[in-house]
Amino acid sequence: MYRKLVLFDIDGTLLKVGAMNRRVLADALLEVYGTEGSTGTHDFSGKMDSAIIYEVLQNGGLQKDEIAGKFDQAKAAYIALFRKRARPSDITLLEGVRELLDALSSRSDILLGLLTGNFEASGRHKLKLPGIDHYFPFGAFADDALDRNELPRIAHERARQITGKNFSPTEIVIIGDTEHDIRCAKALDARSIAVATGNFSMQELSRHQPGALFQNFVETGEVITEILTPQLS
């Protein structure tokens, strides 16, 4: 019987991607729209790929309807370029991640999934390069919504379809490296675990009051203890 549904963010939480990811998006937008907008300087942390495309292009002077008209083409161009260019050397798996995923996946009472601002195809490719994609049978992605706070409910429903169990909010844990991950957990009244392996410091993350906060995932046992800690309803 599953006790916990554990949903992981990707970038800054499980792994980091080199500067090529930003360059790929810029090149895809240049190809489709003739401009990369503010891609070179925009803060991507915790944001949805879909929302990032709108934000950087609006910063470059395009209107929403102009962006929407070619959005699917831009998304496809970005995914195709990322798959073509990304190499294992572009991906840094963060400390303790593989050990944590090994330990969690060996338990019959925990269901792992993704909750990420990545498009599914590019996000899955990021995970495949270091060989951790197989830990995550399902997820909620930028393909599913523009607002990250909508993703927990989508992931919750997909977990129900897979397992037949209707996880209560107190049985759901969302793990990420930004304030956006903490906020989307609160949108579902789920427990959040924050990790300071991205662009947010321990101090910055603590201000958003996550259920638990770690510098990294090196101490596997301590992280699992927090995952299993009951969430007060």
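The values are calculated or read from the model by the stated rules, or taken from the named source; none is laboratory data. What you see is a predicted model; the values in this text were computed from it and never measured. Heads up, the Cβs are rebuilt from the backbone with ideal geometry, glycines too, and the neighbour counts pull from every protein chain shown. For accessibility, only protein heavy atoms count, side chains too; no ligands or nucleic acids. Shrake-Rupley method; radii C 1.70, N 1.55, O 1.52, S 1.80 Å.
Inter-part distance, segment 6-21 to segment 69-148, computed on C-alpha centroids, equals 8 Å.
A quarter of the convex hull surface defined by the alpha-carbon atoms of segment 1-112 gives 8.5 nm² as the mean projection. Rolling a 1.4 Å probe across all protein chains gives residue 54 an accessible area of roughly 50 Å².
Among 95, 66, 55, what's the order by accessible area (1.4 angstrom probe), most exposed first? Don't skip to the end; give the middle numbers.
Details: 95 120, 66 95, 55 60 Å².
I get 95, 66, 55, largest accessible area first.
Taking every DSSP helix (H) stretch of at least 4 residues in the chain, weighting each as -39,500 (n - 2.57) and dividing the sum by the residue count yields a mean residue ellipticity at 222 nm of -12500 deg cm²/dmol. Only protein heavy atoms count here; under a 1.4 Å probe, residue 125 has an accessible surface of about 40 Å². Beyond 29 Å, the tail of the calculated P(r) for the chain holds 25 percent of the Cα pairs. For segment 152-193, the alpha carbon positions stretch 31, 15, 14 Å along the principal axes, listed from largest to smallest.
Taking each of 47/186; 16/84; 64/126; 47/126 in turn, the alpha-carbon distance tops 21 angstrom for 64/126. Largest first, the residues 206, 122 sort by 1.4 Å accessible area into 206, 122. Taken about its Cα centre, the chain carries a charge dipole of roughly 420 debye when the Cβ of each Lys and Arg holds +1 and the Cβ of each Asp and Glu holds -1. When the residues 97, 17 are ordered by accessible surface, computed with a 1.4 Å probe over the protein chains alone, the sequence from largest down reads 17, 97. Here the extension length gained between residue 162 and residue 107 equals 18.1 nm, from 0.36 nm per residue of separation less the Cα-Cα distance. In whole percents, the pair-distance distribution calculated for segment 66-189 from its alpha-carbon pairs, binned every 5 Å from zero, is 2, 9, 17, 21, 21, 17, 9, 4, 1, 0. Considering only 41, 92, 197, the Gaussian network model of the chain with Cα springs below 10 Å gives its largest mean-square fluctuation to 41. The slack in the chain from residue 41 to residue 219, taken as 0.36 nm per residue of separation less the alpha-carbon distance, amounts to 60.7 nm.
For residue 72, the accessible area of its heavy atoms, probed at 1.4 Å with every protein chain present, is near 120 square angstrom.
For segment 1-122, the per residue solvent-accessible surface stands at 44 Å², with DNA, RNA and ligands left out and a 1.4 Å probe.
When the convex hull of the Cα atoms of segment 116-233 is projected onto a plane and the area is averaged over all directions, what value comes out in nm²?
Values: hull surface 30.4 nm².
Orientation-averaged projected area of the Cα hull: 7.6 nm².
Against the chain, whose longest principal axis is taken from its Cα atoms, helix 49-59 shows a tilt of about 40°.
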